[in-house]
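Notes follow the structure.
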Amino acid sequence: MTEKLSVSIVGGSGYVGGELLRLLLFHPYVSVKQITSTSQTGKYVHNAHPNLRGVTELQFSHPDTLEACDLLFLAQPHGYSAQTIEHFAGLAERLIDTSADFRLRDPETYRHWYGEPHPAPAWLDKFVYGLPERYRAELSVAKYVSGVGCNATVTNLALLPLAQAGLLDGGRVIADVKVGSSEGGARPSEGSHHPERSGAVRSFKPTGHRHQAEVKQMLGETFELFMSITSVELIRGALVTAHCLLNDKLADKDLWKIYRQAYKAEPFVRLVKQKTGIFRYPEPKLLAGTNYCDVGFEVEEDSHRVVIIAAIDNMMKGAAGSAVQAMNVMLGWPETTALEFPGLHPV
């Protein structure tokens, strides 16, 4: 390729915008044209993202000065993209929106979970859900891609092989997700104030979390799903422990075959199945900065209960990493491009 794809980022001063920029600056097939921020206009991006000091001299542009480009990443808070989608679609042939605005296909489902009508319901079925492990074929021909919810992503990847095998049909799943503080975003709040957040194990959403709708949309309505979200002493990361109460008993070897078959060709899903050691189950700490999802499992003997454990970096595989992976699929590039970082140990 001689001419690079021009990409821009709207909403670049937040954590997801910063992660997108970090990845795209080292992507061999793209060139970052603009990155916008209303609050940081005119400032160098390293003011908001000090890890990029010396890496780029880009400055934040005001959103009103956004120019046309080949592909536009929208990394704005919930609600903004849906209100201005016509404008953004006029600036770029392809869009990837990392917010929740276009994840749900049904307007009534959106109304139920978000408490208000969707601002642009005609656009919902134009977007492809940006999880390549499930929608790779659709992404390869897509022009508009929705982001993925981090809690939904880790739960979806934990349960997808069981759903594909029909083993969740008629069963129940209790998905307990532990999340880090970065899930709350870059804007400080009472809950993120250090004396209140540090050391906390805080039930954030014991019932009714919106990401539950994404899981049901992707995996179907053939089983009961209950999700609980708990904030823990962690910055990056999401760990789901999914208690699956199935109609059929499974042997450990049979479950291993199901997951190995489902994920053997997936570049960013790793099966963790060790008998001993402190890392015999998925661990978010090992995944910081990576696009991997680690998946492990246990079968309770003489029981219908199977426990699936999965971990991701919520800002990578749960947001910016999946977005770049989806872009690679859309453009026909190697799927792992700019996403090869394996993580650090110890960290």
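Bear in mind that the values in this text are calculations on the coordinates, not laboratory data. Bear in mind the structure is a predicted one, so any value in this text is a computation, not a measurement. Heads up, the Cβs are rebuilt from the backbone with ideal geometry, glycines too, and the neighbour counts pull from every protein chain shown.
Couple of notes before you dig in:
- Note on the chain: with charges restricted to the Cβ of Lys and Arg (+1) and Asp and Glu (-1), its dipole about the Cα centre is near 600 debye.
- Build a GNM of the chain with springs between Cα atoms under 10 Å apart, and of 294, 101, 169 the one that fluctuates most is 169.
- Relative contact order computed over the chain (Cα-Cα under 8 Å; 6+ residues apart), in percent: 17
- Net length gained if the chain between residue 169 and residue 207 were fully extended (0.36 nm per residue, minus Cα distance): 11.5 nm
- Helix 321-331 and the longest principal axis of the Cα set of the chain meet at an angle near 70°.
- Around residue 248: net Lys/Arg minus Asp/Glu count, Cβ-Cβ under 10 Å: -1
- Relative contact order of the range 197-347: 23 percent, from C-alpha pairs under 8 Å at least 6 residues apart in sequence.
- Peptides ranked, highest mean first, by Cβ atoms within 10 Å: ranges 146-152, 19-25, 57-63, 274-280: 146-152, 19-25, 57-63, 274-280
- Alpha-carbon centroid distance for the pair the range 118-181 / the range 19-64, whole angstrom: 29
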